[in-house]
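S.K.: Got a structure here, written out as structure tokens. Questions coming.
Quick note: the coordinates plus some simple rules give every number you see, no bench work behind them. Owing to the predicted nature of the structure, the values given are computational and were not obtained by experimental measurement. Every residue, glycine among them, receives a Cβ derived from its backbone with ideal geometry; neighbour counts consider all protein chains shown.
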Amino acid sequence: MLEKNIEGYSIRKTAVFREETHLNETGVAADGEPVTKMLFVALIHNPYAGRYSQDLSQLVDNSDALGRYVGAQLRELVGSREVASYGKACVVGTAGEYEHGNALLTTKFADPVRDAIGGGGAWIPSTGKRGGPGTTIDIPLAHKDALYVRSHYDTLTFTIADGPAPDEIALLFAVATRGRLHARLGGLEAKDVTAYDGLR
């Protein structure tokens with residue numbers, strides 16, 4: 001029996017990642033600060049691996065505490081920077097169902113993360129898939145207060161060399177400090193976002 005070591009979950013390992021982009025793809029210097037993208041990932045034991053269960057409460061019930069834990073790790077990683085966009089994802093090991101990963105990505109989990117990194121009114125984009133160690137996942141990013149800010153549509157791509165194992169779920173949450181360098185497609189601008197209708 002695996003020990004439940006963090007907030008009622010058996011977490012084998014965690015990792016953080018940060019990248020800064022100073023030039024765009026054609027070599028033009030940043031229009032302001034570089035884009036800083038940051039990520040927290042946890043490899044969590046899947047108690048439903050290898051079996052079907054209508055009840056997924058072992059993943060869902062304590063996910064608010066898991067969210068507070070993830071939020072605290074991200075807050076430490078972000079430091080004094082302001083979060084402008086965010087996104088979440090999962091990779092479910094091959095003995096599990098995609099539904100098992102989604103059980104960890106609900107609002108119950110996400111709201112405490114949102115609170116920890118400075119709030120946000122917009123729905124948090126997410127994605128997921130099944131796969132084994134080394135599976136690459138693209139985590140979608142969008143503006144934290146208004147989904148329709150085109151400049152902040154972005155992606156952080158990540159892979160974990162030794163996970164997820166067949167009985168694990170990789171849980172990932174990513175943030176960015178600004179939109180894309182030299183975004184020029186028009187539409188609603190981040191500086192004009194004053195309110196959001198609360199739809200998540």
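S.K.: If a residue must be assigned to a helix (DSSP H, G or I) and polar (S, T, N, Q), how many such residues does the stretch 69-110 contain? Spell out how you get there, then give the answer.
M.R.: Going residue by residue through the stretch 69-110, those that are assigned to a helix (DSSP H, G or I) are 69-78, 98-103, 107-110.
Add one more test, that the residue is polar (S, T, N, Q), and what stays is 73, 102, 107.
Of the residues in that region, 3 qualify.
S.K.: I'd like the full set of residues that are under 19 Å from the mean Cα position of the chain (by Cα) and of a type in the set (Lys, Arg), limited to the stretch 25-81.
M.R.: Lys37, Arg68, Arg75, Arg81
S.K.: Determine whether Ala30 is surrounded by 15 or more Cβ atoms within 10 Å (Cβ to Cβ), out of contact with any Lys or Arg (no Cβ under 8 Å at 6 or more places or on another chain) and not basic (Lys, Arg). Talk me through it step by step, then tell me what you get.
M.R.: Numbers: surrounded by 15 or more Cβ atoms within 10 Å (Cβ to Cβ): yes; out of contact with any Lys or Arg (no Cβ under 8 Å at 6 or more places or on another chain): yes; not basic (Lys, Arg): yes.
Spelling it out, Ala30 is indeed surrounded by 15 or more Cβ atoms within 10 Å (Cβ to Cβ), out of contact with any Lys or Arg (no Cβ under 8 Å at 6 or more places or on another chain) and not basic (Lys, Arg).
S.K.: When both residues are 6+ apart or on different chains and their Cβ atoms are under 6 Å apart, which pairs have a first residue that lies in the stretch 146-164 and is touching a residue at least 24 places away in the same chain (Cβ under 8 Å) and more than 10 Å from Glu189 (Cβ to Cβ), and a second that is surrounded by fewer than 21 Cβ atoms within 10 Å (Cβ to Cβ) and among the polar types (S, T, N, Q)?
M.R.: As it stands, the answer is Thr159/Thr136, since those pairs meet every condition given.
S.K.: Which of the residues spanning the stretch 82-134 are within 15 Å of the chain's Cα centre (by Cα), farther than 19 Å from Glu7 by Cβ and of a type in the set (S, T, N, Q)?
M.R.: Within the stretch 82-134, Ser85, Ser126, Thr127 meet the criteria.
S.K.: Report, by residue number, each residue of the stretch 158-187 that is crowded, with 17+ Cβ neighbours inside 10 Å, among the small types (Gly, Ala, Ser), under 30 Å from Thr26 (Cβ atoms) and over 19 Å from the mean Cα position of the chain (by Cα).
M.R.: First, the residues of the stretch 158-187 that are crowded, with 17+ Cβ neighbours inside 10 Å: 158, 160, 163-165, 167-181, 183.
From what is left, the residues that are among the small types (Gly, Ala, Ser) are 163, 165, 170, 174, 176, 179, 183.
When the remaining residues are screened for being under 30 Å from Thr26 (Cβ atoms), the result is 174, 176, 179, 183.
Answer for the stretch 158-187, where residues must be crowded, with 17+ Cβ neighbours inside 10 Å, among the small types (Gly, Ala, Ser), under 30 Å from Thr26 (Cβ atoms) and over 19 Å from the mean Cα position of the chain (by Cα): just Ala183.
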